[in-house]
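All remarks here apply to the structure that follows.
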Amino acid sequence: MTHRCVYLLTLAAAASLAAPCGAQDIELAPPLVLEHLGLSLRLPARGAFEACQGKRILRHAFGEGGAPTRTVELFIVSAITERGAPIAIEECLRAAVGEVAAGQTKAGNEFHELGSSAAAVAGAEGRRTLFEVRREGAPRGAGAVIVWPCEFPRAAAEPRPYYLALLLRGKDAPAVIETLAGRMVPAIARVSPRSPEAAALPPLRVAREYKDYGMALDLPVGWSLKEMPPSEPSAPFELTVAAYDYAEVIAPQRFTVAVKAHTGGSDLFDSPEHVEVFVRGIDAVAAIQRKKLLSHRVIAHAGRACLEVVFALPQDSRERIEVQRLIRSGAWQYSLSLVRTNADQDAARAGLDAFARGFRLIAK
């Protein structure tokens, strides 16, 4: 009997002992298209998306009885050094596997790499590694790392080379993870990449609740999230979603949600007289900031009167236009804003509309 046969029999035996169901029983959701990455992929149908930041683009976790039992994560990693020298895909794979191994060792687990092989991903030549995790000889789970090259589009510049790294982990036998990867990888496809200001906003599938501030947000999948701790009484909370942070490329648009306490009434924007006084104050502050107030109007949002103001930003800035919407509820004033490098007011309003659908007021 060959070594390969013994290896496959071992994996099959482990799967029968450690996994109540096979990877074929894990239903895949319809394709998720992320135009700003030029990527389409299918993830397990059961589970929830979580907020990400830095080089992690996406995290999808499925859990039973508490902690996640299976996760899918997507990372973007530079394919060139700071000096512009290319980084080999094997080196990128080793680094990714090394990070996982270090994490498992720190957690007191034993990490065993089961072998690497070539992997065709979305028409590109990639690499993949399968691994197993044990503790005191007993199976604890398994995972796979798949790395493939891509290019990140940049305005008025050559695309920047990157690697995408897909990490699958679960409390499964290696054979189950290997089969799941074998189903997911062929479903990964390239689509025409579009700048975030031109692309459709990804699905709002990342749910966040901030009960202390009486609000909830559903955020776009594949965008990075930054939360800033309370710092000033006038701005105790700020949340920023930026498209290109992980790629170190200037973002052509940025959404911001800020919350601050106020002493005026929550019905301020219901009164035209009060609105005009309020807008004159905004205009005076904008002039100091070298912004130009282009327009304002009152619309309805989240069941409240909402003041919308549009600014032109300084000409020496990459950020040319800002749309801001102010809503008051109870003791809080919420500001939802979009800054983008295109002066089309209607397009900017439509972009903020798409994002603002995920904003809700909730009871504390």
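List of remarks:
- Taking a straight line from the alpha carbon of Lys291, these aspartates and glutamates sit under 20 Å away, with near neighbours fewer than eight places off in the same chain left out: Glu276, Asp283, Glu308, Asp316, Glu319, Glu322, Asp344, Asp346.
- Candidate lysines - alpha carbon under 30 Å from Lys292, same-chain residues fewer than 8 apart omitted: Lys226, Lys260
- Lys260 accessible area, assembled protein chains, probe 1.4 Å, Å²: 80 Å²
- Probe 1.4 Å, accessible area per residue of the stretch 276-345, Å²: 50 Å²
- Extreme residue, positive dipole direction of the stretch 37-145, given options Ala118, Ala48, His60 (C-beta unit charges): Ala48
- Within the same chain, lysines fewer than 8 places from Lys106 are excluded, and of the rest, those with a Cα less than 19 Å from its Cα are Lys171.
- Note on the stretch 82-238: with neighbouring protein chains present and a 1.4 Å probe, carbon and sulfur make up 50 percent of its accessible heavy-atom surface.
The values are calculated or read from the model by the stated rules, or taken from the named source; none is laboratory data. All values reported here derive from a predicted model rather than from experimental measurement. Positions of Cβ are generated from backbone atoms using ideal geometry, with glycine treated the same way; all protein chains shown enter the neighbour counts. The protein model used for the area step is the full one, side chains on, heavy atoms only, and it has no ligands, DNA or RNA in it. Shrake-Rupley method; radii C 1.70, N 1.55, O 1.52, S 1.80 Å.
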